[in-house]
Structure formats: structure tokens, C-alpha cells
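The values are calculated or read from the model by the stated rules, or taken from the named source; none is laboratory data. Since the structure is predicted, the reported quantities are computational estimates derived from the model, not experimental observations. Counting neighbours? That spans all protein chains shown, and the Cβs are built from the backbone with ideal geometry, glycine included.
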Amino acid sequence: MNIIGPDGLIFGVDNVEDCCKYMTDYGLTPNNVDSSGGVFTGVDGTFVEIRHKDDASLPAPLHTGASIRKTVYGVADQATLDALKAELSKDRDICVNSDGSFDCVDDSGFALAFQITCRKNTEVADQIVNVPGAKANRGINVVGSIKDHAPKPQTLSHVVYFVPDVAKAEAFYRDRLGFRVVDRMNPLGPFMRPQGTMDHHTLFMIETPPFMQGVEHFTFHMLNPSDMLQAGKRFQDLGYESFWGPGRHIMGSNWFWYFNSPLGVHVEYDADMDLHDDSWEARECMATEDNSQIYNFTLVANWRPGGDPH
Amino acid sequence: MSWHLLCHIDEIPLDGSVGIKLAEQSKDYGFVVKKYDGIFAWRNACPHLGYQGTSMAWKRNQYLNGDKQYIMCAAHGARFEIRTGEGVTSPCQGMYLKPIALKTDDHGNVHWLNDQE
Ligand code: FES
Ligand SMILES: [Fe+2]
């Protein structure tokens, strides 16, 4: 199944204005924002949609009342969409929309949609850092640090669910949608990637008691670690509350920085995730502090040593 | 145990929240919420199992949900009663925030008790 990854996430909230402001300050581009909500896009068109929790256009919430209301998957082509429709209609209701996309519910109760991906190809220059001895460097007289740069989230990277039965949840994504298990963090759950991407994970799942079901976090990829740090610094300076990081994970190698949000989920910036193909053998580790990151920093105020020596 | 000055009562917006800071700490120690019938103070430490102690603000001084009727943890969205600190939604239903004692002096200055010192 040529599923590329999540195209979008749709949330139902009771603080629409705060959430719209937050997603804009995070760096996404606001589209059609009014008192009912709006759609916030990364550079490639992947999105977060904010609506009021009572909005009639939303699917029913989870039994926990969590703010996540739909995960929209992007697939490569019509053949994939047709194959998914045939596969999933074997044992569940599917609802085909006028644009050809369809809605259904996964085996844990999360509402899903599948569509031909809305991702646009983005033109990005190769990101090159100056490495001693390397042939390809950034270039002579090309400066790396730009003071007022406001880095843009490029593309929706991954979502992390709290699920009541992780074995059952994994089986659905693996056996029905063709996702691969890339690595496992025990006893939490699997990092999974669909076949249409080499990203280490577009989905991670954490087993919790049923009353906690919901979303832990989602994130967009930033262009590179420096953009990730500069975006997070800018975001924290706007007053937003850091939860974890900046740091660098081990599973996936992605640089991370997580923030609290008015959506009632963590929102992350990430960068530089590992790529894998089917030759990769899944690793396993326990979810300890030392397996959760290589390093973890806390941002402090800008500073300079000493004072004016004149 | 000692009392610390937070601010004047008029500096706390009605139906709003203000963080209680301890010098040299990046996260608030606690927060106060003002309602028409009083002000209420809680430790900034979510009781969510597996996440105990997490900071609950989504932005500086911002601890409430959309209609300002509940404290909202901005990590995973749990709602708490403003007056009792009781968790009323997933993932913290039936769990409690820890209270902070407050007193307001004759000039209207609000003081909070640090019982961790
Ligand atoms: S840490 Fe507060 S709801 Fe999870
Ligand atoms: Fe993540």
C-alpha cells in the first residue's frame, strides 16, 4: 500500500482562537481563518485543521473526549486509494466523500481519512554544513547564521497516539495498511512507517489504560537542526511553554523540541530523521531516560561573557 | 515554610490566571485563578500517570480552557475544577492538583505559602 504519511490532523477544541494563534505562531501558514477555525499549512501543503469541538463537520470524538478528531492519510495514487477502500470495506463502514477520499475508523477508534496526497513537491536546496575536510561545503562567503530568520515547518512528520491495546493497534497498521515496524521502545510501543516513505516513523504508539486514549504529540519536519533550534527559540520567546528539549532522539535520530499547546496535545519541531528501507531490522530498547535521547538541553536567555571592557 | 508576595489582587484578571514563579526556575511553581467568588492557587504539576509533575501552562500565565470554566493541562488536555483542583476529564479524571495556601493583606496584596522550603 503506497501510503505516504499523514497529510493532516483535524482537532475539535473549545478555544478556537487560541489554537489558531498558536498554529500560526508555530510557523504554519493560516488559510481561511474565521471564528469557526481554519486550516494551517506547512510548506508542502500538509496541514493542521482547527474547529470547534461541536462543529457538525467533525467525526464523533473518542470516548475520552480527546481533541483529535481525524487523521488524514495521503496516498500516492488512485490505485492505492481503491485498494485501501477494498481492503477496509471488508470489515468496517467506509464513507466515500465527493472528492473521492474516504473516511473510516481504525481498530482503536481513531477516525481516519484517506486521500490522494495533498503534498506538493517543494524546491529545497541541499542543506550543507561546513565539514572539515569535506568536498561539498556551504560555499565561500555564504553565511550560516541569519538573525531574524523565522524557519517554516516543511511537512507533517508524525503523530503519536495513546492506545489501549498496542498489539491490536499495531496489527491494524501492519496487516491492513502495510506499515513496517522500524523500531520498538518497550513497553510503550512501535515506531511505524508506511510503504510510501522512508522516514523512520510517521506513527508511534504508546500503550496506556483505556481512559487515557488520545494524542501525545504531532510534529512537522524543519529543514535542518539549526532551523529546528531557531524556530523553538523564537516560539519560546513568544511565551509558549517548552515541555522537553531541545535534544536529539536515538530511535530515528531526529532532533526534537516539544511544547505544550492549547490543543491539549504536545506539539513538536523535529529535524534530520533517519531514513530506512525494508532491509532494516527493527531494533528494540527499553524506554529509559538514556534511551530516549542522546542529549537534552534547556534554553536560557541570550547572554554574553563579561561586560564592556572600555 | 514562608510567605511570598505574588502581586496585587487587581493585577490578576477576572476569569484569568497568573503564574507563581520561583526565582531561577524556568517553569512556574504554581498559578492562581481569579473567579467572581475568590482566588484559587494550585501547584503547576499535573497528576497525569506517567507524567506527574508536568508543567500545565500553554503560554506564559495561561492555564485555562476556552470558556475559562476549567483549568486545562496543555500537555494532554485534562480539565480540572478551578475551586477544588479535581480532575474531571481524561486523562486525569478523579485525580487532584495540589493546593497552595494564599492570603490577601489589608492593602490587597496576595501572598502565597511555599511549604516546600
Ligand atoms: S501531563 Fe497533564 S494531561 Fe498529561
Ligand atoms: Fe515525535
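Find the strands (runs of 3 or more DSSP E) located wholly in the stretch A:80-184 whose residues include 1 or more that are under 25 Å from the mean Cα position of the chain (by Cα) and hydroxyl-bearing (Ser, Thr, Tyr), and list them.
Answer list for the stretch A:80-184: A:155-163.
Pick from the stretch A:156-188 the residues that are within 14 Å of chain B (Cβ to nearest Cβ) and more than 22 Å from A:LEU88 (Cβ to Cβ): which of them is nearest to ligand 2 (Cβ to nearest atom)?
Per the stated criteria, the residue is A:VAL160.
In the stretch B:86-108, what count of residues is obtained for those that are within 16 Å of ligand 1 (Cβ to nearest atom) and in a loop (DSSP other than H, G, I, E, B)?
Residues in the stretch B:86-108 being within 16 Å of ligand 1 (Cβ to nearest atom) and in a loop (DSSP other than H, G, I, E, B): 10 in total.
Would you pick out the residues in the stretch A:255-288 that are free of Cβ contacts under 8 Å to residues at least 60 places away in the same chain and at positive phi?
A:ASP272 - this is the single residue of the stretch A:255-288 that is free of Cβ contacts under 8 Å to residues at least 60 places away in the same chain and at positive phi.
Can you name the residue in the stretch B:35-85 that is assigned to a strand (DSSP E or B) and loosely packed, with under 15 Cβ neighbours inside 10 Å and is also nearest to ligand 1 (Cβ to nearest atom) among such residues?
Taking the candidates together, the pick is B:LYS35.
Name the residue that is nearest to the other protein chains (Cβ to nearest Cβ), counting only residues in the stretch A:21-37 that are surrounded by 22 or more Cβ atoms within 10 Å (Cβ to Cβ) and over 14 Å from the mean Cα position of the chain (by Cα).
So, considering only residues that are surrounded by 22 or more Cβ atoms within 10 Å (Cβ to Cβ) and over 14 Å from the mean Cα position of the chain (by Cα), the one nearest to the other protein chains (Cβ to nearest Cβ) is A:TYR22.
So in the stretch B:20-34, with the set limited to residues that are of a type outside the set (A, V, I, L, M) and away from ligand 1 (no atom under 16 Å from the Cβ), which one is nearest to A:PHE235 (Cα to Cα)?
Only one residue tops the list, namely B:SER26.
Listed residues B:ALA75, B:ALA101; which is within 14 Å of chain A (Cβ to nearest Cβ) and modelled with pLDDT of 95 or more?
Within the list B:ALA75, B:ALA101, the selection yields B:ALA75.
Taking the stretch A:130-151, which residues are surrounded by 10 or more Cβ atoms within 10 Å (Cβ to Cβ) and either at pLDDT below 90 or in contact with a strand residue (DSSP E or B) (Cβ under 8 Å, 6 or more places away or on another chain) (or both)?
Selection gives A:ALA136, A:ASN137, A:ARG138.
When you go through (1) facing chain A (nearest Cβ under 9 Å); (2) under 13 Å from the mean Cα position of the chain (by Cα) one by one for B:LEU6, which number turns out not to apply?
All conditions are met except number (1).
One residue is enough: does the stretch A:29-38 have a residue meeting the conditions modelled with pLDDT of 95 or more, within 21 Å of A:HIS201 (Cα to Cα) and among the acidic types (Asp, Glu)?
no
Name the pairs whose Cβ atoms lie under 8 Å apart, with the first residue in the stretch B:55-67 and at the interface with chain A (Cβ under 7 Å from one of its Cβ atoms), the second among the polar types (S, T, N, Q) and buried (at least 21 other Cβ atoms within 10 Å of the Cβ), and 6 or more positions between them or separate chains?
B:SER55/A:ASN260; B:SER55/B:ASN44; B:ALA57/A:ASN260; B:ALA57/B:ASN44; B:TRP58/A:ASN260; B:TRP58/A:SER261; B:ASN65/A:ASN15; B:GLY66/A:ASN15
Return the residue satisfying two criteria in turn: it lies in the stretch A:210-226 and is within 16 Å of ligand 2 (Cβ to nearest atom) and more than 15 Å from A:SER261 (Cα to Cα), and of such residues it is surrounded by the most Cβ atoms within 10 Å (Cβ to Cβ).
Among them, the one singled out is A:MET222.
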